[in-house]
Amino acid sequence: MENYSISLQSLISEFGFKVIYLPDDPGKIMVSTTEIDRPGLALAGFFGIFESDRIQLIGNAERKYLSQQTPEKRREKVFEFIKRGPVAVIMTAGHDPLPETAEACAEYRVPLLKSDEPTTYIMAALFASLNVHLAPRITRHGVLVEVYGEGVLILGDSGIGKSETAIELVKRGHRLIADDAVEIKKVSAKSLVGSAPELIRHYVELRGIGIIDVSRIFGVGAVKDTEKIDLVIQLENWVEGKMYDRMGLEDQKIDILGIELPSLTVPVKPGRNLAVIIEIAAMNNRQKKMGYNTAEEFNRRIMQVNGLDV
């Protein structure tokens, strides 16, 4: 699987870190792991599992530990830690770096930054941000819309009506995230988030009309940059004689990046209002997540009427 990275400059801009020392253009210094460390063990002299590609946070505990050392011991510990070349060191909780830290970072060309936020806050926020920026990802041909708070990924062959359905949903008050190409990121073990490539963000292609800017025609409330994917709907041309699920008891799933998502196959033919069908599918999926399954409840009633055990 391809590995991704983000520049230190992007993180500086995102979190408003104060720059104390930079050995190079921060746009060229790349962070490629979501893992973040507090170097307590390293400062104590243990480097058995030290990872130099991780951002290191120095907070209250590390600073207090160092301040209790003799000047000679403190310098030895700090230089031994910094010479391992961590990708960046961030002073948290508004602390200024000790003179030894600033000197060691300059000598070994390690970026040194500062944040006024508490260590735990910075660690959690950085971890969440890096999980998004460095997440495994794929691009799928389809449409992503938000319908009643549910992220619905619509898949199907070219020309089947995905974009037209998206526009109809936008007209009905829902929001477009992506048309034609959907970038899907695995941001956790259970969550996928979709967005549009920047070049085509908020644009929709309608055959016979061309490219339209949804945010300008329908307003900024009609679009959204990202959305969690909750349901996948696969559109296919109606096949006469094919048995389609009429009860909703079939528990269809689709695997994307190792995560199984609820999936529905919706046959398309003239006269079917796909926008309304997708609205109902989104509301029904929301009900299932809240613990109520209409198909199972209906089946239970049928069995009761027929005197069968439930």
GLU168: passes all of (1) closer than 18 Å to ASP230 by Cα; (2) out of contact with any Phe, Trp or Tyr (no Cβ under 9 Å at 6 or more places or on another chain) but (1)
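Among the residues that make up region 60-75, is at least one of them of a type in the set (A, V, I, L, M), under 23 Å from SER10 (Cβ atoms) and either surrounded by 15 or more Cβ atoms within 10 Å (Cβ to Cβ) or in contact with a helix residue (DSSP H, G or I) (Cβ under 6 Å, 6 or more places away or on another chain) (or both)? Reasoning before the result, please.
Let us first name the residues in region 60-75 that are of a type in the set (A, V, I, L, M), namely 61, 66.
Next cut, under 23 Å from SER10 (Cβ atoms) only: none.
Checked region 60-75: no residue is of a type in the set (A, V, I, L, M), under 23 Å from SER10 (Cβ atoms) and either surrounded by 15 or more Cβ atoms within 10 Å (Cβ to Cβ) or in contact with a helix residue (DSSP H, G or I) (Cβ under 6 Å, 6 or more places away or on another chain) (or both).
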Counting only residues that are in contact with a strand residue (DSSP E or B) (Cβ under 9 Å, 6 or more places away or on another chain), exposed (fewer than 15 other Cβ atoms within 10 Å of the Cβ) and not hydrophobic (A, V, I, L, M, F, W, C), region 110-135 contains a total of 1
Note on region 88-109: residues among the aliphatic types (A, V, I, L, M), within 12 Å of GLY59 (Cβ to Cβ), without any contact (Cβ under 8 Å) to a residue 60 or more places away in the chain and buried (at least 21 other Cβ atoms within 10 Å of the Cβ) are VAL89
State yes or no: is TYR4 part of a loop (DSSP other than H, G, I, E, B), aromatic (Phe, Trp, Tyr) and either out of contact with any Asp or Glu (no Cβ under 9 Å at 6 or more places or on another chain) or closer than 11 Å to PRO111 by Cβ (or both)? yes
Considering residues that are at pLDDT 95 or above and of a type in the set (S, T, N, Q), the number found within region 166-207 is 1
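The values are calculated or read from the model by the stated rules, or taken from the named source; none is laboratory data. Values in this document were obtained by computation on a predicted structure and should not be read as measured data. Note that we place each Cβ from the backbone using ideal geometry, even for glycine, and neighbour counts take in every protein chain shown.
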